Number of protein chains: 2
Amino acid sequence: MFKFTLEATCGKARAGTIETDHGKIQTPVFMPVGTLGTVKAMSPHELKDIHAQIILGNTYHLYLRPGAELIQKAGGLHKFISWDRPMLTDSGGFQVMSLAALRKIGRDGVQFQSHIDGSRHHFTPESVIATQEALGADIIMSFDECPPFPATREYVTKSLATTLRWAERGKKAFTNHAHQALFGIVQGGIYEDLRQESALALMDMDFPGYSIGGLAVGEPKEDMFRITDFLHDILPQDKPRYLMGVGTPSDLLNNIARGVDMFDCVMPTRNARKGSIFTRHGKMIIKAARYEDDFSPIDPQCGCYACRHFSRAYIRHLIRMKEILGMRLATIHSLWFYQELMQLTRTAILEDRFEEFIGEMLPVLDRLI
Amino acid sequence: MFKFTLEATCGKARAGTIETDHGKIQTPVFMPVGTLGTVKAMSPHELKDIHAQIILGNTYHLYLRPGAELIQKAGGLHKFISWDRPMLTDSGGFQVMSLAALRKIGRDGVQFQSHIDGSRHHFTPESVIATQEALGADIIMSFDECPPFPATREYVTKSLATTLRWAERGKKAFTNHAHQALFGIVQGGIYEDLRQESALALMDMDFPGYSIGGLAVGEPKEDMFRITDFLHDILPQDKPRYLMGVGTPSDLLNNIARGVDMFDCVMPTRNARKGSIFTRHGKMIIKAARYEDDFSPIDPQCGCYACRHFSRAYIRHLIRMKEILGMRLATIHSLWFYQELMQLTRTAILEDRFEEFIGEMLPVLDRLI
């Protein structure tokens, strides 16, 4: 099943609920990324502890290793990785373009060589749907071509036509409507008219949700905000909008202010493993010398496992020593904070004080502390 | 406080209880190694879940990073790493000999260069005690020189004299009797008469416990067993014996059969991170192709977190991908098994059926499954 209910708006900001076979998701929502069937450094039980509602798996990576057939044999991705809450898979389009070698885009799909062993593969709009049906995530994505930035208007125009054709073919190939929801992906780069064309064409196909792809690929932030703002008035109010691959805490708030409901990004997890930790007071570089003998927690007001039991000095030591526990604790804190930020944002929207909330938060979030 | 009570013997095998400021330890006991203030991949709460009674810290490593002064400032090692059960630190003697560069052994101690940055340091029998008092572990070790294997009788004889002198000096320097227990370390290589000389001289100094050092350094297993067997009749019955740096599950049982009470080794944790997992049925190389689509747990009868929630196929995938969760799950299982093996052994001793128990277990433990 898949159902989206828009519960409240405050300006363009939205609070809603998505219902799936694996439970409800309250939006706005941030989805931790589990590239290879694990949110790096985290156990599924720790993901519940940090209040993750839904996690993401990468089709490109899982297709290559361990393979969709194996995961299907295991009973699907949920069962394979021991995660019983909602899950989303992407289409692999972004990774094929950014990671694979010698890719060749044709009418029919993309031929590429694995970034692991150079083996040759072919993704088509239909095969990508079949792979995602085998994985069994609650929300899946149409195959898309994600243009790089910068890209000429001509390139983006041509790419967009391909993506729309693929969306149509994928939608036709998709059969598992009872258990999965297939989103269309709006492309069009930084060109508003192309974004509009993309959105309207996808809306004609009537998807249960719309992803916004091709942003956070190097364009200035103002362009990203301009496009999400522009799309707010075009995309249907009664369907969720998912901005792919975004972003920092302030990116999340700025895009929620423009009507986005769903986000995913490796940033909180990847940065945490290197000791760059997001907090409600700003970004903490835990290796900094000033934390050497700082025996207070990362955030004394935080309720996460790392803050309840360990000091900055200890986590600093662990991260410097490249100890796994250091990466774990930093990841736990950053993900807890992302979830808490979304919860606070949702409450502010429901209580009709989002403007005030974002006004207070934005100046703090990007600060280096 | 420190108190050892011998509760039962079965042949030479012993079951006892050690009492410390941080709680009781039931012996025989295996101590997971927390080299740098963390048992690699584990949180302290997971260490409790796998029933760890006591963990070990390495003085050489902690002295270099983050430094004993910082740990003292944090309130001691227990507080720094958030571990409230008993802890043991070694003397650094073994690491100085095996890791440090350009070491120079004098009457007064060892001058050496750090294996990290080449910085120069000097460990003396007194400084090593002071460092361990700053760290604050419940059980600490005399500074010793650990001869390599093979070593000539002359070398071992001379080395032994040094170690005994250092033990005496360390004992004099030690002041924190109220909260810590200082063990003497029996050396003497594979030479029974030197081992006897070492043990008797240390017993004259009257330590609350005796470590057996200089084994598991490359000598044949029969030599190890011969020495522990030989020492059983010499060392006092009413003091715990700790065989340093040992070993495989069968090593533990074979040495318990010769009167050893305490063990530590990086093997279960280090091997687990590479996918070599100890089980009650033998050693499992989880990367093996036959586990690719094996959706049963590592050990279906095991109660550990890894076995309750995850399959061999999933853990194999994680370990192949070098994912942190794979290392965590393999470590959890191997440590759980080591603790369970010690608990079963203890029960067998208390129930006066150790011979039968070891007869059943030994043929299985070293098997590759």
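The values are calculated or read from the model by the stated rules, or taken from the named source; none is laboratory data. All values derive from a computational prediction rather than experimental measurement. Please note: Cβ atoms are built from the backbone with ideal geometry, for glycine as well, and neighbour counts cover all protein chains shown.
Observations on the structure shown:
- Residue list for segment B:112-132, restricted to those being in contact with a helix residue (DSSP H, G or I) (Cβ under 9 Å, 6 or more places away or on another chain), not in a loop (DSSP other than H, G, I, E, B) and not aromatic (Phe, Trp, Tyr): B:His121, B:Pro125, B:Glu126, B:Ser127, B:Val128, B:Ile129, B:Ala130, B:Thr131, B:Gln132
Here is a yes/no grid of residues against (1) out of contact with any Leu (no Cβ under 7 Å at 6 or more places or on another chain); (2) within 21 Å of B:Ala173 (Cβ to Cβ); (3) part of a loop (DSSP other than H, G, I, E, B):
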{"position": "B:Pro66", "(1), (2), (3)": "yes, no, yes"}
{"position": "B:Glu69", "(1), (2), (3)": "yes, yes, no"}
{"position": "B:Gln72", "(1), (2), (3)": "yes, yes, no"}
{"position": "B:Gly75", "(1), (2), (3)": "yes, no, yes"}
{"position": "B:Phe80", "(1), (2), (3)": "yes, no, no"}
{"position": "B:Arg85", "(1), (2), (3)": "yes, no, yes"}
{"position": "B:Leu88", "(1), (2), (3)": "no, yes, no"}
{"position": "B:Val96", "(1), (2), (3)": "yes, yes, no"}
{"position": "B:Lys104", "(1), (2), (3)": "yes, no, no"}
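- Counted as qualifying within segment A:193-274 are the helices (runs of 4 or more DSSP H) with 1 or more residues that are over 23 Å from A:Ile18 (Cβ atoms) and of a type in the set (Phe, Trp, Tyr), namely A:221-232.
- Looking only at segment B:164-194, and only at residues there that are touching a strand residue (DSSP E or B) at 6+ places or on another chain (Cβ under 7 Å) and among the β-branched types (Val, Ile, Thr), the one that is surrounded by the most Cβ atoms within 10 Å (Cβ to Cβ): B:Val186
- Among the candidates B:Asp293, B:Asp299, residue that is acidic (Asp, Glu) and within 13 Å of chain A (Cβ to nearest Cβ): B:Asp293
- Within segment B:1-40, the set of residues being surrounded by fewer than 21 Cβ atoms within 10 Å (Cβ to Cβ) and hydroxyl-bearing (Ser, Thr, Tyr) comprises B:Thr5, B:Thr9, B:Thr17, B:Thr35.
- Where a residue in segment B:20-44 is away from every other protein chain (no Cβ under 14 Å) and its partner, wherever it lies, is among the small types (Gly, Ala, Ser) and in a loop (DSSP other than H, G, I, E, B), with Cβ under 6 Å and at least six apart: none
- Qualifying positions in segment B:6-59 - over 17 Å from the mean Cα position of the chain (by Cα), assigned by TED's automatic domain parsing to the domain that holds B:Val96 and either β-branched (Val, Ile, Thr) or farther than 30 Å from B:Thr175 by Cα (or both): B:Ala41, B:Ser43, B:His45, B:Glu46, B:Lys48, B:Asp49
- Total residues in segment A:45-65 satisfying the condition of being more than 28 Å from A:Ala13 (Cβ to Cβ), within 12 Å of another protein chain (Cβ to nearest Cβ) and in contact (Cβ under 8 Å) with a residue 40 or more places away in the chain: the figure is 4.
- The residues on offer are A:Ile234, A:Ile298, and the sole one that is more than 20 Å from the chain's Cα centre (by Cα), β-branched (Val, Ile, Thr) and outside the structural domain of A:Arg367 (by TED's automatic domain parsing) is A:Ile234.
- For the condition closer than 17 Å to A:Met262 by Cα, among the basic types (Lys, Arg) and under 19 Å from the mean Cα position of the chain (by Cα), A:Lys3 does not qualify.
- Test result for B:Ile139, out of contact with any strand residue (DSSP E or B) (no Cβ under 7 Å at 6 or more places or on another chain), of a type in the set (A, V, I, L, M, F, W, C) and either away from chain A (no Cβ under 14 Å) or surrounded by fewer than 16 Cβ atoms within 10 Å (Cβ to Cβ) (or both): no
- Test: residue in segment A:83-99 that is crowded, with 20+ Cβ neighbours inside 10 Å and within 14 Å of another protein chain (Cβ to nearest Cβ): yes
- Cβ-Cβ under 8 Å pairs, at least 6 apart or on other chains, segment B:274-302 side in contact (Cβ under 8 Å) with a residue 40 or more places away in the chain, far side acidic (Asp, Glu) and surrounded by 15 or more Cβ atoms within 10 Å (Cβ to Cβ): B:Thr279/B:Asp299; B:Arg280/B:Asp299; B:Arg280/B:Glu340; B:His281/B:Asp299
- Residue list for segment A:343-369, restricted to those being in contact (Cβ under 8 Å) with a residue 40 or more places away in the chain and in contact with a helix residue (DSSP H, G or I) (Cβ under 7 Å, 6 or more places away or on another chain): A:Thr345, A:Ala348, A:Phe354, A:Ile358, A:Met361, A:Leu362, A:Leu365, A:Asp366
- Taking the listed residues B:Arg308, B:Arg320, B:Arg328, B:Arg273, the one that is within 14 Å of chain A (Cβ to nearest Cβ), among the basic types (Lys, Arg) and crowded, with 23+ Cβ neighbours inside 10 Å is B:Arg328, with no other qualifying.
- Which numbered condition A:Ala288 fails, given (1) more than 15 Å from the chain's Cα centre (by Cα); (2) closer than 22 Å to B:Arg328 by Cα; (3) hydrophobic (A, V, I, L, M, F, W, C): (2)
- Hey, A:Thr131 more than 29 Å from A:Thr248 (Cβ to Cβ), away from chain B (no Cβ under 13 Å) and in contact (Cβ under 8 Å) with a residue 60 or more places away in the chain or not: yes
- Looking only at segment B:285-309, and only at residues there that are assigned to a helix (DSSP H, G or I) and in contact with a Pro (Cβ under 8 Å, 6 or more places away or on another chain), the one that is farthest from A:His45 (Cα to Cα): B:Cys307
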